[in-house]
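Readers should treat all values here as calculations from the given coordinates under stated rules, not as data from a laboratory. This one's a predicted model, so the numbers in the text were calculated from it and none came from an experiment. Note that we place each Cβ from the backbone using ideal geometry, even for glycine, and neighbour counts take in every protein chain shown.
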Amino acid sequence: MAKSAKKNKRLVIRTITLAVLAIAIIFSIASKDKVKVLAVGDQAPDFELIDLEGNKQRLSDYKGQGVLLNFWGTWCPPCKKEFPYIENQYKDFKDQGVHVLAVNIKESKLKVEAFRDQYGLTFPIAIDKDESVKEAYNVVPLPTTFFINKEGEIEQIITREMSEAEIKSLMESIQP
Amino acid sequence: MNKIKCQCGHDNPFGTVLCESCGRPLTEEAKKSKLVDMRYEGSSRRSQTYKRSIIDKIWNFFSSVKIGVSIIVAVLATSAIGTIFPQKLYVPFTAEADIAAYYERLYGFAGVVYYKLGFHDMYSSWWFKILVGMLGTSIIIASVDRVIPLYKSLKKQRTKRHISFMKRQRIYGEGPSDNPDEALTKAEEKLKALKYNVKTEDGAILAEKGRFSRWGPYVNHTGLIIFLLGVLLRGLPGFYVDETMWIREGEMRAIPGAPGYYLESHQFILENYTKEEAEDVFGEALERVGMIPKNYQTDVTLYKTKDGLPGTADLEKVEDYSIIVNKPLKFSGYNVFQMDYRLDELKAMTFQLTDKASAGSLGEFTVNLVNPEKTYDLGNGARVDLLDYYPDYDGIENGEPVSKSPLPNNPAFIFKMVTAEKPEGEKSFVAIRQTLETEENNYKVNFLSAETRNISGLTIRKDKTLYILLLGGIIFMIGVAQGSYWNHRRIWIQKGTDGELLVAAHTNKNWFSLRKEIDKVKDFAQLPNYEDRKDPESNSQKEGDKA
């Protein structure tokens with residue numbers, strides 16, 4: 001009796017030790033040696049920017065609604081391509097609780113306004129002058145689009161140009 | 001698993017070679033051998049004994065010193081291979097295709113092989129990490145498997161050992177004694193004077209010192225494990241930051257990796273040694289090289305958000321600082337280092353509006369390339385509107401001018417010139433050394449001069465694991481010192497059955513010193529002669545001394 005209890009204890013200790021070490025190794029492989037990178041399912045970091053019209057745009061004010069958060073630049077060709085699609089979908093979805101917020105990375109107001117007028121964009125556009133929102137979202141390539149659901153969680157992160165059908169289905173996915 | 005009962009009555013764990021208590025050899029092999037193997041005191045390394053489940057088998061694998069050494073060799077070899085060509089981190093490209101091309105161009109076929117095998121990203125490859133992880137596992141399991149039985153058997157050792165144990169020691173001597181009891185008392189006195197811990201039992205003495213030294217390797221391994229743990233923690237967010245940022249003069253931006261902190265650059269300064277200053281130090285080198293930099297400096301102001309919300313302008317000034325090489329800006333665990341610079345990026349351009357016919361000026365205006373105005377009023381009813389602006393003009397695509405980046409490397413403008421003569425305005429596209437007009441204009445915009453600014457390259461570092469690494473390193477060194485500068489010495493003296501005396505001794509290193517100490521005891525207490533069976537030369541010398 002005592003002998004088998006001892007054997008079990010040994011097996012348990014060895015198993016736990018090996019499991020802890022295995023987890024440590026897996027963790028070291030999974031970690032990217034970087035600051036925290038946002039992932040699908042994370043809470044979208046809150047921020048506050050002033051849009052071109054001078055209105056405050058605070059992400060948490062949209063709680064209860066879906067938000068398409070797009071990071072872009074006037075010089076980036078895929079941004080130019082996808083903006084008309086986003087504009088189209090915005091017109092359909094804005095009354096169904098899905099918002100669009102476009103964040104330009106650090107360009108001049110003149111340039112961004114000229115772009116907006118050229119493409120006839122009606123959704124709010126804000127300029128991230130000090131790149132703090134970009135840093136908070138770890139945005140590297142442009143365009144990067146975050147689809148945020150009504151709970152403020154990130155549903156999807158797209159780091160390339162999107163087709164209109166893709167935008168539509170993703171906006172449906174965050175519709176409250 | 002059965003216990004092994006020794007003749008002395010002690011129960012030993014299965015696999016024991018020498019009885020923990022009296023030291024009798026228990027295995028056939030040990031009984032046959034002339035000298036016993038004293039490693040781990042002949043105790044049962046548990047890994048060697050239980051081989052039942054898969055867990056036991058994995059455990060035994062990592063417990064093996066042979067496997068441990070093989071892993072060390074593998075880690076060393078791969079680490080060395082990683083230094084043959086530069087790692088990916090130091091390649092000035094980010095796209096995989098460019099990196100591959102880089103290795104091929106610089107190192108030819110060897111470079112291609114190096115890249116294909118993944119050696120260009122050696123230290124973050126999954127298999128390298130697994131190798132290091134296996135090393136850590138091996139260190140832990142092999143240590144635990146040895147230190148526990150060793151501790152137990154040193155604790156359980158009896159003062160009086162069996163004669164078969166004594167006879168199999170490397171240092172052994174026996175001989176008749178006139179007064180064995182007096183010899184033992186005197187030996188005890190001398191051994192105590194030599195700072196031994198002396199225990200006596202029924203006509204036997206065990207003198208021991210420096211047992212502490214036996215724990216050296218395990219302390220050392222603990223230090224290594226703490227070190228590896230520190231490296232592992234670097235993967236956790238908040239423990240380790242290594243980021244770079246480019247910041248232009250007059251620019252304010254969020255510091256990457258340091259949420260809530262902002263940096264404003266006022267000025268980047270590059271100073272060179274003047275000829276007079278450098279003459280003494282650099283002499284001819286200055287003439288050959290031309291210029292030798294003296295100082296790289298970025299004057300900055302550090303800000304912090306009040307509520308921590310990105311994008312808000314509610315900033316609080318923390319401090320002004322001049323970042324100089326080796327004098328980083330320090331705040332809450334972060335260090336911001338001066339690392340790089342670029343000089344003379346376009347910042348503003350000054351133009352003149354002129355009448356083509358008379359070449360007369362209607363006024364000058366300056367366009368800030370970072371934040372251009374929409375309208376420049378020149379007075380007297382003349383004005384220039386900036387309709388659009390292309391900071392990095394790259395030709396015309398689909399009838400539309402294109403900028404390939406947001407940086408003002410090659411600015412181009414669409415101006416509308418409104419004058420008293422042409423109140424509806426004339427449009428003109430102005431790029432560097434190029435002016436396009438849709439129809440012939442009466443006026444033109446002339447480039448006069450440009451202002452530039454410098455860019456500082458800064459590195460942001462934070463390393464909370466540094467103290468853990470330091471602690472690991474210190475413990476490692478303590479272990480090394482403990483194992484190297486102290487020796488574990490034991491001397492057994494006991495009475496034989498016929499009134500003769502037996503002497504045996506063991507140390508884990510430095511046998512010469514042990515012999516010297518035994519000689520002192522021997523001379524003082526008239527103990528029998530002994531011999532070192534692994535160093536016969538020392539015996540003949542001693543006999544030579546006597547003769």
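Separation of region B:52-72 from region B:1-47 is 23 Å, based on Cα centroids.
Dividing the summed -39500 (n - 2.57) terms of all DSSP H runs of n ≥ 4 by the residue count of the protein assembly as shown sets its mean residue ellipticity at 222 nm at -11500 deg cm²/dmol.
Mean-square fluctuations from a GNM of chain A, with a 10 angstrom spring cutoff on Cα atoms, peak among A:153, A:107, A:53 at A:53.
Here the contact order of region B:45-155, divided by its residue count and restricted to Cα pairs under 8 Å and six or more residues apart, works out to 39 percent.
The mean sequence separation of alpha-carbon pairs under 8 Å and at least six residues apart, normalised by the residue count of chain B, gives a relative contact order of 18 percent. Using a Cα-Cα cut-off of under 25 Å, which lysines could be cross-linked to residue B:57, ignoring same-chain neighbours fewer than 8 residues away? In chain and number order, the partners are A:3, A:6, A:7, A:9, B:3, B:66, B:129, B:152.
Listed from fewest to most Cβ neighbours within 10 Å, the set B:358, B:44 follows the order B:358, B:44. Considering all different alpha carbon pairs of chain B, the Kirkwood hydrodynamic radius works out to 32.2 Å.
In order along region B:100-113, the phi-based Karplus estimate (6.51 cos²θ - 1.76 cosθ + 1.60, θ = phi - 60°) of 3J(HN,Hα) comes to 4, 5, 4, 5, 5, 5, 7, 10, x, 4, 4, x, 5, 4 Hz; Gly and Pro are listed as x. Each listed q (0.09, 0.10 Å⁻¹) maps to a log10 I(q)/I(0) for the protein assembly as shown from the Debye sum over equal C-alpha point scatterers, namely -0.98, -1.11.
Cβ crowding within 10 Å ranks B:538, A:31 as B:538, A:31, fewest other Cβ atoms first.
Could you list B:191, B:206 so that the one with the fewest beta carbons within 10 Å of its beta carbon is first and the one with the most is last?
Details: B:191 25, B:206 21.
Least to most surrounded, the residues fall as B:206, B:191.
Note on region A:48-173: Cα Rg divided by 2.2 N^0.38 Å, N the number of residues, gives 0.95.
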